[in-house]
1. Of the residues in region B:50-67, how many are more than 16 Å from ligand 2 (Cβ to nearest atom), closer than 27 Å to B:Asn196 by Cβ and free of Cβ contacts under 8 Å to residues at least 40 places away in the same chain?
2. Which residue pairs have Cβ atoms closer than 6 Å, lie 6 or more positions apart in sequence or on different chains, and pair a first residue in region B:96-115 that is free of Cβ contacts under 8 Å to residues at least 40 places away in the same chain with a second residue that is surrounded by 20 or more Cβ atoms within 10 Å (Cβ to Cβ) and assigned to a loop (DSSP other than H, G, I, E, B)?
3. Select, from B:Ile111, B:Ile53, the only residue that is surrounded by 19 or more Cβ atoms within 10 Å (Cβ to Cβ) and either of a type outside the set (S, T, N, Q) or within 14 Å of chain A (Cβ to nearest Cβ) (or both).
4. Within region B:212-225, identify whether any single residue is assigned to a helix (DSSP H, G or I) and within 20 Å of the chain's Cα centre (by Cα), and answer yes or no.
5. Got a sec? Which of A:Leu18, A:Leu95, A:Leu30, A:Leu86 is part of a loop (DSSP other than H, G, I, E, B) and either over 18 Å from A:Gly332 (Cα atoms) or within 14 Å of another protein chain (Cβ to nearest Cβ) (or both)?
6. Keeping to region B:56-83, report how many residues are acidic (Asp, Glu) and more than 8 Å from chain A (Cβ to nearest Cβ).
7. For region B:165-202, which positions are touching a Leu at 6+ places or on another chain (Cβ under 7 Å) and within 15 Å of ligand 2 (Cβ to nearest atom)?
8. Restricting attention to region B:136-143, does a residue exist that is under 17 Å from A:Ile5 (Cβ atoms) and not in a loop (DSSP other than H, G, I, E, B)?
Amino acid sequence: MIFIIAFRNLFKSIRHTLIVVFLIMVIIALFYIGNTVLEESNNGLRTTYILNYTGDIVIQEKTDVSMSLFGANTPAIGEFFSIPVLNDVDTINALAADFEEVETITRQISGPAVLDIGTQRFGVPVFGIDPDTYFPCFPGIQLDAGRFLQSGEMGAMLTKGRAEQVKKDTGVPVSVGDSILLSTAGTTGFKIREVPVVGIFSYSNAVQIPDEIVLTDAQTARALNSILLATDSDYAPPETTVDILTDDIDSLFMDEGSDTIADKTESVSLAEIKTLLETGTEPVTQDWKDGGWNFIILRLKKGVNDSDFLKKLNEKLEPFTAKAVDWRTAAGTPALLVLLLQYLFNAGLLLIIIAGIIAIINILLITVFQRMKEIGTLRAIGASDGYVRLLIFTENIIIAAIAGILGIVLGNVLIQVINGMGISVNNSLISSMLGHDRIFIQNSGLMAIASVALSVVLGFLSSIYPVQIALRIQPVEAVAKG
Amino acid sequence: MSIIQLDTIIKTYHMGKVEVPALRGISLTLVKGDFVAIAGPSGSGKTTILNIIGLIDKPTSGSIVIADKNVTNMKKAGLTRMRQKELGFIFQSFNLISVLNVFENVELPLIIGKAEQTKAERRDWVNYLIEEVGLADRKKHKPAELSGGQQQRVAIARALSTKPQIVIADEPTANLDSATGETILNLMKKINKEQNTTFVFSTHDPVIHELADHVIFLKDGNIVRERKQAKEVKK
Ligand SMILES: Nc1ncnc2c1ncn2[C@@H]1O[C@H](COP(=O)(O)OP(=O)(O)O)[C@@H](O)[C@H]1O
Ligand SMILES: [Mg+2]
């Protein structure tokens, strides 16, 4: 019966009903389109970042600043900030591998370097990787020429974007087998490495930053970043390696924190390194067998909630000096920018929703005042608070649900229109956000359900105050004049 | 056996700073099965006293006992239950729920009061009431499709649906022509006789109050005269 009264009342005050339906419909359409786009963009970001170079989770050494795979996320600090080496890397690696949610694990060394190629010079981020685990971890990486870096070999891989730029600038194409120079000038001296280009690759949905990335073997990256080298790997610097030592061998032992062992052209014996270790001039917590790493990168199995897992993992990391961060943090500034856009969008939407609720409350209040006599009559014939409350909530939630469904219909129509226009996007930021270079929005069933749920919540929230007012109506209003 | 007992009921309305005395100390006792008319000129307090008996308004002071329950200080929920179970109300301007048809209007108090009946019992009872008030062929009509007399019959059936002990009617015939008014009164009287339901109604029409067994005359918020059956009692 309540349902009958509620439903017929909607038609009785059809003008108010229509206004409320319209308001909720617009809010829901906005919410639906907006979040469909955001969901799309999240998927876009996922392919851009997670599958290309961040993974889902990155384990790094605890620092005071927010740190991405490129270093500090704060640009001002970035230049002087060196990424700390991860302590207990093997233990943590084993610990992470024990989680059943983890699909693949790899490790990485990162640091900025100067790339000299032909006559060209660029500042680049260098990722030192373990090829055996790295490429399986990042299916977004596609080989365009040459081959993937192999385990134990020294070499570099450049992006297609980089290669094309060099060709454009110099007229000389970069080919597999060419040598490139990578150099760093840090507090511990000037390091330079010559490595061959073994392959040219591209990222799917590339944005600017990934185009800059140079992938090298771990040892080269360690050398550039003054990180301890592996000792028992089959790695040996090829003859072509050029080492420029800023200090002579004596000062090497005096200079605290100096760890330029790798810069010696001769191979280093285990005994020598042990001596070094005992004299305490080296960071001692590193993993000797494998050399130091900056990051452990995890890709999670499909369907695993990354924020839940992150919490779980960080609890396990409690005893270590390491912490895990999500891919958003790991991706660095461009991803943060995209996330900021998302937050702004949601904040804007929230404001619209609040304004909408206020408008709806007003209309519902008017409706309640117009129905003083009816509500008074119900009271006079014995309706309880609960009955009146239920009646008004039912009415408004019916309106809201209808409006919600219409909102989704409207949203879908608008999406069709937008897709039909085939707008293309030149901005790489937005295209990386969308995951395509053309605006194409996929309908989302989940979002549709969420939208109807939101409309019901809206109906409920905006009814609370009008219901409060309706409950104050006295039965004597049934006989009040006017 | 008294069913309604009012003791020195005073009701004062406040219109801004002005106090309007509507009832100045009314005491009365009504017995079960009574068919009572409250008579008096306009503004004498008829509506006010019926609202107080019907528990849709509260007196400024004085005590009320209805169906052996002292309701003077009863809380909102208790009063609501009394209105559901013990009282029926017939309004001067009918007050039917416009979106509900005749059947649904009569059924409504049973649903509101969660009456302990099966659906079939309820349907039969509502149909019976509608037949009693002579609207069997109008069950599916909305109030707007009925004449004033027909709407008031629906209101009577609605007031009776919960089988209340007391039915209050404030000038039930005021919006009707006199012939229709008389049939409505006769209908009320018939139910009063058949079911021993106590009726308290107001009227300013001498022809109508002649039909009552018990007439209470009000003037300026006081009872000036009371007449039971044919015998008149001076106050
Ligand atoms: N809501 C109210 N506010 C102020 N005064 C009222 C109100 N209702 C009734 N009155 C006054 O109380 C007195 C009695 O009114 P009422 O009970 O309606 O009389 P009747 O029904 O006999 O015409 C009148 O003087 C009337 O003006
Ligand atoms: Mg009156």
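1. Taking region B:50-67 and keeping what is more than 16 Å from ligand 2 (Cβ to nearest atom), we get B:55, B:58-67.
Pick out the ones that are also closer than 27 Å to B:Asn196 by Cβ and you get B:55, B:63-67.
Filter again for free of Cβ contacts under 8 Å to residues at least 40 places away in the same chain, leaving B:55.
Matching residues across region B:50-67 total 1.
2. B:Ile112/A:Gly382; B:Ile112/A:Ala383
3. Values: B:Ile111 fails: surrounded by 19 or more Cβ atoms within 10 Å (Cβ to Cβ).
Result of the check over B:Ile111, B:Ile53: B:Ile53.
4. Let us first name the residues in region B:212-225 that are assigned to a helix (DSSP H, G or I), namely none.
No, there is no match, as no residue in region B:212-225 is assigned to a helix (DSSP H, G or I) and within 20 Å of the chain's Cα centre (by Cα).
5. Details: A:Leu18 fails: part of a loop (DSSP other than H, G, I, E, B); A:Leu95 fails: part of a loop (DSSP other than H, G, I, E, B); A:Leu30 fails: part of a loop (DSSP other than H, G, I, E, B).
After ruling out the rest, the residue left standing is A:Leu86.
6. Let us first name the residues in region B:56-83 that are acidic (Asp, Glu), namely B:57, B:68.
In the following step, the residues that additionally are more than 8 Å from chain A (Cβ to nearest Cβ) were identified as B:68.
Number satisfying all stated conditions: 1.
7. Selection gives B:Ile168, B:Asp170, B:Thr173, B:Val200, B:Ser202.
8. The answer is yes; a qualifying residue exists.
The values are calculated or read from the model by the stated rules, or taken from the named source; none is laboratory data. This one's a predicted model, so the numbers in the text were calculated from it and none came from an experiment. Quick reminder, even Gly has a Cβ in these numbers, built from the backbone with ideal geometry, and neighbours come from all protein chains shown.
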